[in-house]
Structures are given as structure tokens and as C-alpha cells.
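Just so it is clear, none of the values below were taken in a lab; they were calculated from the coordinates. If you're wondering where the values come from, they're calculated on a predicted model, not measured in any experiment. Backbone-built Cβ (ideal geometry, glycine too); neighbour counts: all protein chains shown.
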Amino acid sequence: MCNPCDLLSEDEFNDIFDVVRRKCSIGIDSIVTEEVVEADSGDTSADASNGKGTIRKKIHPEALPHFRAEFLSKRYRWHKETEAMILARLPFEEQIKRPYFHVKPLEAEQLKNWRLYLDFEIAEGDETRITVLFERCLIACALYDQFWTKYGRWMRKQRGSDAARSVYRRARQHIPGNVRLALAYSAFEESLGMTSRSNKTQDDSMLSPAKDLFLLGVILAQVTQVSNLLGHMGIFPRFF
């Protein structure tokens, strides 16, 4: 049978040892001992080359079944946790019909699925998984500013303004003429007190080939804000 000492990291071995020692009637010093194993002719370790053999940990026969039981129990728990994680994400994964980039617009249901999937992962709180999912999403949804700005807001909260700025700059490379993205990026820089960068963002957008559309979008956005504000105040009806 395989020696558990050969399969466990030092930290995991110590964790299991703390459990096993409470279940054994033998003395704690007798649970794990060390023995010298004669060096094989093909062993190239330092001890073997000096003719000293190899020192290995040996587990007492009474403790060995407990070690194995804890080893298997831990891995069974990991298996069940992994299975639960897969089942929780499976409905979202099954709804992804186009994981690659294409200029053809995505269906509304596809966009909704990506939003819900991202919200789910953000609620779960695993930063690595969230980052990976955002990057996956932005392959298929590279032309949709809502996902770039969502990524930028999350990145700013988790990793700071420099990381968020990197996201916004990447977004501007993919959709340089997008009005909402330009305004979001400009507002981001302005919130940090970087008014020069904020102004430059809008200036660059007005110099782009889509400057007319950009200016029209800015005007409509400002009119909408004013109209909604006056509508809430009861001074002017809301038209947008």
C-alpha cells in the first residue's frame, strides 16, 4: 500500500496528523517515526550518493487506517464541492451559444445570460473566477460597452484605479467611437481628479472617425439627464 506521507504536502499532513493523534491510543511520538531506506543503484539523491540511504517517514500500523480514512474523506469533500460548483454554473454555461467573437450582434437572451452569470460570480466572491469569466465574456461581448464598464467598476473596487484604467483603455481600443464608454471613462478619470485625462478622453473621441455620432450621443445623453431631472422636480415632462 502507498505511504500517505508520499502523497500529502507538509501542511496537509500536519492537519491530518492533528486529527489522527486524537483517535489513536498510542503515544504521539510513536504515530510517525523515521526509518532509513537503503539506497537503490539508480537513486541520485545526495544522501544516496554518500551511501547514507534515504530517510522516510513511517506511520504506525494502528494510525495508518486513520490517515487513509482522513485522506479519502478530504478528497471526497473536495469532489462534492467541485460537483456543486459545476452544477451551480451549468445553467449559465449551457446558455452560452457563441463563446467566440463575431461582428454579428448577440441576441438579447445571450447578453442577459452573460450579465446574470457575471452577477452570480461576483456574488460568490472568488476573485480569480470573476476575472476569468469577465475575460471570457469580453471575447464574445467585445463590442458591448456595458460589460467593459462593469468590468472597470469591479476592477476599481477590487484592484484599484490603475487596473480599472487598463480595462477602460482596452475597451477604447475595441469600441473607440462608443459614446457611453467614452463618457464612463471620462467620468472615471474625473472622479480621480484627473480632469486633464478626462478632457483628453472626450477630445480623442471627437477626433475619431465617428466624431459626429459621438457628439450626437453626448448631446442626447445631456438632454436626457436634464429632462429627467426636470421631470423629477415637476417642472418639465420627461421625454426620454
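Tabulated data for the structure shown
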item: Which of Arg165, Arg56, Arg22 has the fewest Cβ neighbours within 10 Å, and the rest in rising order; result: Arg22, Arg56, Arg165
item: Under 13 Å, Cβ to Cβ, from Ile28 - net charge with Lys/Arg +1 and Asp/Glu -1; result: 0
item: Sequence ranges 82-92, 57-67, ranked by mean other-Cβ count within 10 angstrom, highest first; result: 57-67, 82-92
